[in-house]
């Protein structure tokens with residue numbers, strides 16, 4: 001380090017604060033980029049993160065999950081990157097207001113792998129990071145399904161990382177409760193029924209049970225963002 005760099009370099013506390021602010025700035029810049037692509041993905045990832053925070057906070061009350069109150073923040077923040085790969089999806093597919101063809105749907109599905117690979121590159125540059133490992137797991141696996149019918153790897157049950165199983169419930173709930181150019185928002189009861197019907201097929205049964213305990217809070221938040 002040069003004399004000038006030494007003179008003006010921040011102390012450890014200042015550096016930690018700078019790193020935190022920079023970290024948050026990067027996350028929210030990415031969200032803005034997603035929002036610019038289609039007008040709703042940036043909002044979606046924030047809402048999914050908020051739902052994840054609700055779920056993990058509730059799960060932290062039960063020691064068998066191994067979560068602390070701090071984990072609700074860390075996991076929810078890492079989930080802000082879960083749809084990052086959609087940046088690479090062509091406009092004519094991402095912005096399509098009609099039904100996708102089989103080929104177009106296969107391209108949409110690649111957003112999980114593309115986003116995860118981007119985060120793997122970040123981990124190589126920055127070294128091992130629990131934050132980016134969580135982000136990688138949520139990004140790659142949030143469309144996996146408990147019964148193995150999901151993508152991209154067809155994982156089943158507890159082979160799917162826990163944070164991705166949590167994100168799967170939050171992601172689907174926000175998707176059905178939110179209006180999109182190609183569909184109307186679904187109401188409280190039908191949304192709850194969709195999650196309940198997915199118990200043991202799409203979703204980890206125990207996480208659905210946690211969701212059901214929090215359903216009124218989910219509904220209140222969904223209504224506040226309409």
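Every number here is computed from the coordinates shown, using simple stated rules; none is lab data. Nothing here was measured: the structure is a model prediction, and the numbers come from that model. A quick note on method: Cβ atoms are made from the backbone with ideal geometry, for glycine too, and the neighbour counts reach across all protein chains shown.
Shape verdict for segment 96-226, please, from the Cα gyration tensor: rounded (a/c under 1.5), prolate (a/b greater than b/c) or oblate.
Prolate, since a/c reaches 1.5 and a/b exceeds b/c.
Run the quick spin-label model on residue 158 and residue 126: label points 7 Å from Cα toward the beta carbon, then report their separation in nm to one decimal.
Going by the 7 Å Cα→Cβ label model, 3.0 nm.
Mind ordering 148-159, 80-91 by average Cβ neighbours within 10 Å, highest first?
Per-residue Cβ counts within 10 Å, averaged per peptide and sorted highest first, yield 80-91, 148-159.
Restricting to Cα pairs below 8 Å that are 6+ residues apart, what does the relative contact order work out to for segment 10-224? Please round to a whole percent.
Relative CO of segment 10-224 lands at 17 percent.
By the gyration tensor of its Cα atoms, with a ≥ b ≥ c the square roots of the eigenvalues, what is the shape of segment 141-184: rounded for a/c under 1.5, prolate for a/b over b/c, or oblate?
Here segment 141-184 falls in the prolate category.
From the mean inverse distance of alpha carbon pairs (Kirkwood) and the Cα radius of gyration, derive Rg over Rh for segment 71-125.
1.08
Would you mind putting 199-211, 43-55 in packing order, based on average other-beta-carbon counts within 10 Å, highest first?
43-55, 199-211
Rg(Cα) of segment 10-224 divided by 2.2 N^0.38 Å?
Cα-based Rg divided by the globular estimate yields 1.01.
Taking R0 as 35 Å, what FRET efficiency do you get between residue 61 and residue 147 from their Cβ-Cβ distance, rounded to the nearest 0.05?
Efficiency for this residue pair is about 0.80.
Students often get this wrong: which residues of segment 124-156 have the backbone nitrogen under 18 Å from the point 7 angstrom along Cα-to-C-beta of residue 109?
In segment 124-156, the label zone of residue 109 (backbone N under 18 Å from the point 7 Å along Cα→Cβ) covers 139-156.
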